[in-house]
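Report on the structure given below.
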Amino acid sequence: MRKVYLYARFQRFWHWMQAVIIFSLLFTGLEVHGLFSLMGYETAFHIHNFFAWGLMGFILLAFFWYITTGDFRQYLTEGNLLEKIMMQVRYYMVGIFRNEPHPFKKNEISRLNPLQRITYLMLTLVGLPMQIIFGFTYYYFNELVALGMPPGWIEPVALIHTLLAYMLIGFVIMHVYMTTTGHTLTSNIKAMVTGWEEVDE
Amino acid sequence: MLSPKENALGCVECHARDGRLKNLGGFYLPGRDTSPFVEILELIVIIGTLVGVIAHAVMRYLAHKKTLTGGAA
C-alpha cells in the first residue's frame with residue numbers, strides 16, 4: 001500500500017460544495033415538482049433558486065480554477081479513449097470479482113481513470129450546464145415570454161429539467177457506490193476528505 | 001401570464017396535485033402536472049441503478065469471501 005496526494009484543497013472544497021448544493025437542489029426540486037410537501041412550496045422554491053445561483057457561481061469558479069491551474073488536463077485522455085473505457089468497464093464487470101488489480105494506476109499526474117474522465121467531463125460540460133440553462137429558463141419564464149418566447153414552452157422546459165434531475169439522482173447513487181471500489185471500501189472517500197489516498201502498489 | 005408569484009394565496013393552493021386549479025386544463029402547472037412518460041422512465045432508471053448496484057455489491061462480497069476461504073489468495 002502506498003499513499004498519494006490526489007486532491008488539492010480547492011478540489012475537495014468544490015467537490016463537497018457541489019455535493020451539498022446538488023443534494024439541496026434535488027431535495028427542494030422534488031418538492032416543487034409536487035412529490036412531497038415538507039418545507040412548504042414557497043420555501044422550497046426560494047431555496048431552490050438560491051442554490052441554483054450558488055451552483056452557477058461555483059461552476060464558474062471551478063472552470064476558472066481548472067483552466068488557470070492547468071488541472072483540466074486530468075480530464076483529457078491520450079490514445080484510444082473507447083478502448084480504455086472498455087478496459088475500465090471490464091474491470092467493474094469481471095476483474096473486480098477476481099481480485100484483479102485496477103487497470104489504471106492512480107498517481108499525482110493521473111488521478112482519474114478513463115471512465116471517470118468521460119463521466120465527469122460530460123457531467124460538468126453538458127449535464128449541469130443544460131440543467132442550469134433549463135432551470136433559469138424556467139425561473140425567468142415570464143420575462144422570457146415578455147421577450148417573445150412562446151408560453152407553451154414551459155412544459156418541455158419543465159419536463160427536461162425534471163428528466164435531467166432524475167438522471168442526476170441515478171448518477172449520485174452510482175457515484176456513491178463507486179466510491180467503495182477503491183483500494184479499500186473507504187479509501188476513495190477518505191481521499192476526498194484529506195486529499196491523501198491509499199492506492200494499490 | 002397568469003402567475004401571481006406574490007399572492008395572498010399560498011402557492012400550494014394552486015401548485016399541488018389537487019389544488020384549486022386541478023381541473024383547469026390547457027397549460028403546464030408546476031407541482032400539479034407531471035409527464036407519465038418522464039416519471040415512469042425515471043422510476044425504471046433509478047430502481048434499475050439501485051438494483052444493479054446492490055447486485056454488484058452482493059457479488060463482490062461473495063467473490064471476496066471465496067478468495068478469503070478458498071486459500072487461493
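Do the conditions hold for B:PRO4, that is, is it modelled with pLDDT of 90 or more and either aliphatic (A, V, I, L, M) or farther than 17 Å from A:VAL157 by Cβ (or both)? Don't jump to the end; show me each part of the working.
On the way: modelled with pLDDT of 90 or more: no; either aliphatic (A, V, I, L, M) or farther than 17 Å from A:VAL157 by Cβ (or both): yes.
Criteria not met by B:PRO4.
Residues checked against (1) assigned to a helix (DSSP H, G or I); (2) acidic (Asp, Glu); (3) surrounded by 14 or more Cβ atoms within 10 Å (Cβ to Cβ); (4) in contact (Cβ under 8 Å) with a residue 40 or more places away in the chain:
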site	(1), (2), (3), (4)
A:ALA52	yes, no, yes, yes
A:LEU55	yes, no, yes, yes
A:ILE59	yes, no, yes, yes
A:PHE63	yes, no, no, no
A:TYR66	yes, no, yes, no
A:GLU78	no, yes, no, no
A:LYS84	yes, no, yes, no
A:GLN88	yes, no, yes, no
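Table: residues versus (1) among the β-branched types (Val, Ile, Thr); (2) touching a helix residue (DSSP H, G or I) at 6+ places or on another chain (Cβ under 7 Å); (3) surrounded by fewer than 18 Cβ atoms within 10 Å (Cβ to Cβ).
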residue: A:ASN99; (1), (2), (3): no, yes, yes
residue: A:MET122; (1), (2), (3): no, no, yes
residue: A:VAL126; (1), (2), (3): yes, no, yes
residue: A:MET130; (1), (2), (3): no, yes, yes
residue: A:VAL145; (1), (2), (3): yes, yes, yes
residue: A:PRO150; (1), (2), (3): no, no, yes
residue: A:TRP153; (1), (2), (3): no, no, yes
residue: A:ALA158; (1), (2), (3): no, yes, no
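Considering each of B:ALA63, B:ALA72 in turn, give the residue that is at pLDDT below 95, assigned to a loop (DSSP other than H, G, I, E, B) and hydrophobic (A, V, I, L, M, F, W, C). Working first, answer last.
On the way: B:ALA63 fails: assigned to a loop (DSSP other than H, G, I, E, B).
Result: B:ALA72 is the single residue among B:ALA63, B:ALA72 that is at pLDDT below 95, assigned to a loop (DSSP other than H, G, I, E, B) and hydrophobic (A, V, I, L, M, F, W, C).
Search segment B:10-20 for residues being more than 7 Å from chain A (Cβ to nearest Cβ) and crowded, with 16+ Cβ neighbours inside 10 Å, and hand back the single one that is farthest from A:GLU42 (Cα to Cα).
Here the answer is B:GLY19.
Applying the selection to segment B:32-49, what residues are out of contact with any helix residue (DSSP H, G or I) (no Cβ under 6 Å at 6 or more places or on another chain) and surrounded by 14 or more Cβ atoms within 10 Å (Cβ to Cβ)?
Step one: of segment B:32-49, the residues out of contact with any helix residue (DSSP H, G or I) (no Cβ under 6 Å at 6 or more places or on another chain) are B:32-34, B:36-37, B:39-41, B:43-44, B:47-48.
The answer is B:ARG32, B:ASP33, B:THR34, B:GLU39, B:LEU41.
The values are calculated or read from the model by the stated rules, or taken from the named source; none is laboratory data. None of the values given here were measured: they were computed from a predicted structure. All Cβ positions, even for glycine, are placed from backbone atoms using ideal geometry, and neighbour counts span all protein chains on display.
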